[in-house]
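Asker: One structure, pasted below without further comment.
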Amino acid sequence: MKAMLLLVLLLALLAACAPARPAPVELVQITASPTLAPLPTRAPTLAPAAGPTDTSTPPPSPTPLPTATLPPTATASPTPTRTPSPTPIPLCKERFPADDDLLALVSHDYGLAADYRPGDLVPLGDTFPSAVTRGYPTQVRAVIIPPLEVLIAAMHAEELRPFVVSGFRSYYDQNAARQKWAEQFPEWAHNISALPGHSEHQLGTTLDFSTPDLPYMVGEPFIEFHPAFAVSGEGRWLAERAHEFGFTMSYPDGKYEETGFNYEPWHFRYVGVELATELKESGLTISEYLLAAHGAPCRP
Ligand SMILES: [Zn+2]
């Protein structure tokens, strides 16, 4: 009887324990194992993925940095930017405008390769008299000669006497010019002169104009660039009408915040009549327009 009771008790105990333990445990294990399984599998996959990327990324550390900087600007496309960034988007200072593109963005941030020079440079002296060239060996792109001829003729017709102080400037010439400015005006050099590779003059479509009146206006016999050009007959005419001939003033008054350059009433770039007129009417500078219209063409 005692033995029977013990046996029953033991069986009851076993019965109480047995179903209680296996059932929940198995249930938990069945539901838990599939759910848990992918998690550990995914986690390790992520970890190694991040690992190699991290270890391979540190050497070219400049690459991830601009990639991280670009998405915030173009908020909509963080993923597309990330994918092409390693190779197709060149550094700003390594750009060669395709087919001597007339609308290449050149600014303090967006520059040109040191070896870039347009393929159709011609001496200004082949077309214009020394009254216009001052006898300087200035070169410009052939594509701007016809519109420049029409513009100069229109100015001559109004008894104005514009001359061209500079046209195409190579990367190396710009370097020399910048150094000269930096020596003379260390604090202002950045606002009045671009770093090599960052001057629109390297495009061959940009001209600096002057007037024989400037030395008298400023009181310095050899001066060729001065903001006073803006109030000369030539300066006023160009500001008012250059767009009709396809030229735009790149650094107008009051645009320092946008362009990073002081007012340069003598500096005009050829962009075609249609765009020059659009810029004149909108008040946008060419660099503002290009940045808004085409976005970042390279990694700054
Ligand atoms: Zn200039």
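Every number in this text was worked out from the coordinates using simple rules, so none of it is lab data. For clarity, every value in this text was computed on a predicted model and none was experimentally measured. Here the Cβ positions follow ideal geometry from the backbone for every residue, glycine too, while neighbour counts run over all protein chains shown.
Asker: Give me a comma-separated list of calculated 3J(HN,Hα) values for the range 238-248, in order, Karplus coefficients 6.51, -1.76, 1.60 applied at θ = phi - 60°, integers in Hz, x for any Gly or Pro.
Answerer: 4, 4, 7, 10, 4, 4, 5, 10, x, 9, 10
Asker: Among W181, W188, which comes first, second and so on when ranked by fewest other beta-carbon atoms within 10 Å? Mind dumping the intermediate values first?
Answerer: Numbers: W181 17, W188 12.
Ordered by Cβ neighbours within 10 Å, fewest first: W188, W181.
Asker: Going by how many other Cβ atoms sit within 10 Å of their own, how do F185, F168 line up, fewest first? Working shown, then result.
Answerer: Values: F185 13, F168 22.
Going from least to most buried by this count: F185, F168.
Asker: Among Y251, Y110, Y216, rank each residue by its count of other Cβ atoms within 10 Å, from fewest to most, as a rough exposure measure.
Answerer: Numbers: Y251 24, Y110 21, Y216 13.
Ordered by Cβ neighbours within 10 Å, fewest first: Y216, Y110, Y251.
Asker: Taking H as built 1.01 Å from N, whose amide H comes closer than 5 Å to the amide H of Q139, not counting residues under 5 places away?
Answerer: L124, G167, F168
Asker: In addition: Between E149 and K180, what is the label-point separation in nm under the 7 Å Cα-to-beta-carbon projection?
Answerer: 3.0
Asker: Determine the gain in length on full extension of the stretch E274-Y256; use 0.36 nm per residue of separation and subtract their C-alpha separation, reporting nm with one decimal.
Answerer: 4.0 nm
Asker: Among residues other than Y172 whose Cβ falls under 15 Å from its Cβ, what is the net charge (Lys/Arg +1, Asp/Glu -1)? Working shown, then result.
Answerer: On the way: positive: K93, R117, R169, R178, K180; negative: D115, D173.
Neighbour charge sum, excluding Y172 itself: +3.
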